[in-house]
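The values are calculated or read from the model by the stated rules, or taken from the named source; none is laboratory data. Treat the numbers as computed from the prediction; the structure is a model and nothing was measured. Counting neighbours? That spans all protein chains shown, and the Cβs are built from the backbone with ideal geometry, glycine included.
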């Protein structure tokens, strides 16, 4: 019976009419028919309905529910039968011994201390364990076992069973296991991913080589993520704080983690652009990374020949660690950032080491021409082909400014900035959005 039918049955003036809407022979039908007959006080009819119900569907949970109700309803007339039914059904027992004050107990009331002392439990647990495990101990013993001088397979077995980082001496035990020649390395045990931020910092202090382990770097970045109560995607201040935490960590990593540093820096530059600012040094830091992109200076990329420092492609997915999507092409972002930085510069030389000469000159000249500053003849010469200037003049541009708000409240006034060029007439159409349809789509 669905909620609508149940409500109709419960609120009906005559429930027999509501009962007629149910399919005869179903469990719903028999159950609600019994309720109607109970309400009418016709308990004999309930018994007859139960017999038919059980013949068709057997002893179900709803049958037991009606039998219980029937036994209680008959208590006034057949109290002994009701009590016996409850005693049998619930398995009631009344054979508890009476406690007599002052009487000496015939059996011990406490365990002998020597049998439950820590040393005794340790001996018993080890006796029921193999040489390379702690199978003789339950999980309740793991916290104090972590303080024991374990090593090798037993230490590894202990750590493999831990499911919470609040264990005294855990950092020492993790370091000891990582130092064992049979260790699977960081990330091989579930507890590695459960360590707290402070515990990971102590691991770095005592074993700096962990900064070169992928699993450790990922575990550390996960700990830098904000809690579920922080709306960092819609709060620029929280978003900036997250990126600053991530950059403070990844900037310490070796050259092998260049793709990860590029990933974090890209999203920081993108956030800066959305706020209308570009940090020149941050942009240079990004361009120094040897990315395999069409506009990079080939001579600069050839400097990176070491196995861990070779040029890398963009697009790696770090969402599980950083919460940010993969970077596809970064050329549009780099062009926008360069345009903001070069607009007031007389010479693009600081960027020439990292960028292809033709690309840099084209961006520099285009920026100056569109801004209407400087010597047009000089900028035209940097473009190389005179036809580029004509194409630039005729080029139509129409795009939403990156500084526009991404989210608006239901009652916020919406205003959007649009960058236009060579658009003599612009028609703006405003459409009303059905929010419910959008979210249900």
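From the list 178, 126, 111, 150, the one residue that fits, being on the phi < 0 side of the Ramachandran plot and touching a helix residue (DSSP H, G or I) at 6+ places or on another chain (Cβ under 7 Å), is 150.
Quick one: is residue 412 touching a helix residue (DSSP H, G or I) at 6+ places or on another chain (Cβ under 6 Å), part of a loop (DSSP other than H, G, I, E, B) and closer than 26 Å to residue 272 by Cα? So residue 412 does not fit the description; no. Modelled with pLDDT under 90, surrounded by 12 or more Cβ atoms within 10 Å (Cβ to Cβ) and within 50 Å of the chain's Cα centre (by Cα): is that true of residue 60 in this structure? For residue 60, the condition - modelled with pLDDT under 90, surrounded by 12 or more Cβ atoms within 10 Å (Cβ to Cβ) and within 50 Å of the chain's Cα centre (by Cα) - is not met. Taken over the range 361-411, the residue count meeting the criterion of being touching a residue at least 60 places away in the same chain (Cβ under 8 Å) and surrounded by 14 or more Cβ atoms within 10 Å (Cβ to Cβ) is 1.
Within the range 417-433, the set of residues being modelled with pLDDT of 85 or more, exposed (fewer than 10 other Cβ atoms within 10 Å of the Cβ) and either within 32 Å of the chain's Cα centre (by Cα) or within 30 Å of residue 370 (Cβ to Cβ) (or both) comprises 424, 425, 426, 427, 428, 429, 430. Within the range 356-378, which residues are touching a helix residue (DSSP H, G or I) at 6+ places or on another chain (Cβ under 7 Å) and either modelled with pLDDT of 85 or more or over 23 Å from residue 419 (Cα atoms) (or both)? 360, 361, 362, 363, 364, 365, 366, 367, 368, 369, listed by residue number.
In the range 388-401, how many residues are more than 49 Å from the chain's Cα centre (by Cα) and more than 16 Å from residue 359 (Cα to Cα)? Give the derivation first.
The initial filter retains those residues of the range 388-401 that are more than 49 Å from the chain's Cα centre (by Cα), namely 389-390.
This time we only want the ones that are more than 16 Å from residue 359 (Cα to Cα), so: 390.
The number of residues fulfilling the criteria is 1.
Take the residues in the range 225-282 that are under 18 Å from residue 404 (Cα atoms), outside any loop (DSSP other than H, G, I, E, B) and in the same structural domain as residue 337 (by TED's automatic domain parsing); name whichever of them is nearest to the chain's Cα centre (by Cα). Per the criteria, the residue is 267. Test residue 321 against the criterion of being in the same structural domain as residue 253 (by TED's automatic domain parsing), surrounded by 13 or more Cβ atoms within 10 Å (Cβ to Cβ) and part of a loop (DSSP other than H, G, I, E, B), and give yes or no. For residue 321, the condition - in the same structural domain as residue 253 (by TED's automatic domain parsing), surrounded by 13 or more Cβ atoms within 10 Å (Cβ to Cβ) and part of a loop (DSSP other than H, G, I, E, B) - is not met. Evaluation of residue 354 against the conditions (1) free of Cβ contacts under 8 Å to residues at least 60 places away in the same chain; (2) farther than 30 Å from residue 233 by Cβ shows that the sole unmet condition is (1).
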